[in-house]
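Enquirer: Sharing a structure, written as structure tokens. Questions coming.
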Amino acid sequence: MLTFIKSFNLIILLLFFLCYSYQIVYVFICFFKKNHSLEHTPKKMHKFAVLISARNESAVIGELLQSINDQKYPKELLDVFVVADNCTDNTAEIARSYGATVYERFNRQLVGKGYALDYAFSKIEESVGIDAYEGYMVFDADNVLENNYVSEMNRTFDQGYRILTSYRNSKNYGSNWISAGYALWFLRESQYLNGARMRCNLSCTISGTGFLVSSEIIKKNNGWKHHLLTEDIEFSMDSVLHDEKIGYCEHAVLYDEQPVSFHTSWKQRMRWAKGFYQVVANYGGQLVKKCVKEHNFPCYDMLMTIAPATLLTLATIAINTIFTLFGIYSGKTYIAEAALLHVGENLYGIYLSLLFFGIITTITQWKKIYCPMWKKILYIFTFPIFTFTYIPIAIAALVQPVKWEPINHTISKSVREIRQ
């Protein structure tokens, strides 16, 4: 029995390494391979529309709209549309005061960002036609943008990418270990996942907000067809399965607000975890098939994004819990001790790998992290702990029903204020 327990846990650890060792390679690619897309001089200033889905976001939407109005990009080539989605406050009024076209939507059955986006596209098609714009930028109401955001996205869009994502930074990195955990994860995703993919000419992934979609894609999909709980990941999977390469623009920087309470974080990440399960159920088989039949690495990369880490961790905990209970109830405490020891060793190994990514990301993005030095250092060590809190969330999401719920945003800051 002891040999079996040891072998099982060794296999799990090896599977983790085999699945994710390529992400360590990604780090070194970012160090040694230049991103030539940044050298491109655009031949054209493209016409874009901005789409913002907002539900009771009166506290923050003004700063986003002001940052859009402050863009160093021709005003006549940038129009803003806001979907005031089931709002009970004055979000719509504020958006109109900044010059945005506002569509008010009231639908309590079809709830979520995906439905709001689809509604916006249908209204635009009715009024001016989807072809009136070459691309559509999608933001959340709590975002704010650097004033060169659109011009940088235009630079990469001009290279032929029909889908783009951008560099995601945080308004409130230094609030506490929870907000820092989110922020460090997104910084690492931007720089050492999407940054490496872009350098290797692979497909990147959309992460929630700050992305650009060509009107050709919207027309092909007949609007926004992705309505799972994580519509961004669903969109990424569907795009890669259709051989669409998602680009990344690292000089297009946005800031968004991260949760600071564990209750809010739990609620949000429950939705994400359930959404990941939905994506695995709907797209996992197709990704595996394309990986095997076509040796398609982007599909493998996407599969690693949505599946193994959570599933392997849950398998480790479940099997070792069975071993532990068996040892306790059979009176063979040495079996229970061995199982618990191996769980601890595996979690410690994962902690060290997450610590590695936290250290590398913090050091290299140091000047882009806006909080006191001692917090930057402290939150390196709490980053793995924050990530481990996904374990009970992932377990709960397996058995509990989850529905889309809005997250309240309250931090209204300009880019200048964030950088202070």
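The values are calculated or read from the model by the stated rules, or taken from the named source; none is laboratory data. Source: prediction; values computed, not measured. A quick note on method: Cβ atoms are made from the backbone with ideal geometry, for glycine too, and the neighbour counts reach across all protein chains shown. Quick note on the areas: whole protein, heavy atoms, side chains included, nothing else; ligands and nucleic acids left out. Shrake-Rupley method; radii C 1.70, N 1.55, O 1.52, S 1.80 Å.
Enquirer: Counting C-alpha atoms alone, how compact is the range 40-159: give Rg to one decimal and Dmax as a whole number, in angstrom.
Expert: 14.3, 46
Enquirer: What number comes out for the charge environment of P401, summing +1 per Lys or Arg and -1 per Asp or Glu over other residues with Cβ under 15 Å away?
Expert: Once all neighbours under 15 Å are counted, the net charge is +3.
Enquirer: Now a separate question. Using a 1.4 angstrom probe, figure out how much accessible area the range 1-142 has per residue, in square angstrom, rounded to the nearest whole. The partial results should precede the final answer.
Expert: On the way: 7000 Å² over 142 residues.
Value for the range 1-142: 49 Å² per residue.
Enquirer: Once neighbouring chains are kept in place and the probe is 1.4 Å, which whole percent of the accessible area of the range 110-252 is contributed by carbon and sulfur?
Expert: With neighbouring chains kept in place, the figure for the range 110-252 is 44 percent.
Enquirer: Which order do peptides 68-75, 36-43, 157-164 fall in by mean Cβ count within 10 Å, highest first?
Expert: 157-164, 68-75, 36-43
Enquirer: Of K34/K290; K75/K219; K171/K245; K225/K274; K113/K267, which pairs sit farther than 21 Å apart, going by alpha carbon to alpha carbon?
Expert: As for pairs spanning more than 21 Å Cα to Cα, those are K34/K290; K75/K219; K171/K245.
Enquirer: Residues with beta-carbon under 15 Å from that of N9, excluding N9: net charge, scoring Lys, Arg +1 and Asp, Glu -1?
Expert: -1
Enquirer: Among F383, I306, Y329, whose Cα lies farthest out toward the positive end of the dipole of the range 299-420, if unit charges sit on the beta carbon of Lys, Arg (+1) and Asp, Glu (-1)?
Expert: The Cα lying farthest towards the positive end belongs to F383.
Enquirer: Just how large is the dipole of the chain about the Cα centre, in debye to the nearest 20, putting +1 at every Lys and Arg Cβ and -1 at every Asp and Glu Cβ?
Expert: Approximately 880 debye in magnitude.
Enquirer: Under the classification rounded if a/c is under 1.5, otherwise prolate if a/b is larger than b/c and oblate if not, where does the range 284-379 fall, given a ≥ b ≥ c as square roots of the Cα gyration tensor eigenvalues?
Expert: Values: a/c = 3.93, a/b = 1.22, b/c = 3.21.
Taking the square roots of the gyration eigenvalues as a ≥ b ≥ c, the range 284-379 is oblate.
Enquirer: Kindly count the pairs of lysines across the range 294-420 whose alpha carbons are less than 26 Å apart, treating pairs on different chains or eight or more residues apart as eligible.
Expert: 7
Enquirer: Another one. Roughly how many whole Å is it from the C-alpha centroid of the range 344-420 to that of the range 94-142?
Expert: One Cα centre to the other: 30 Å.
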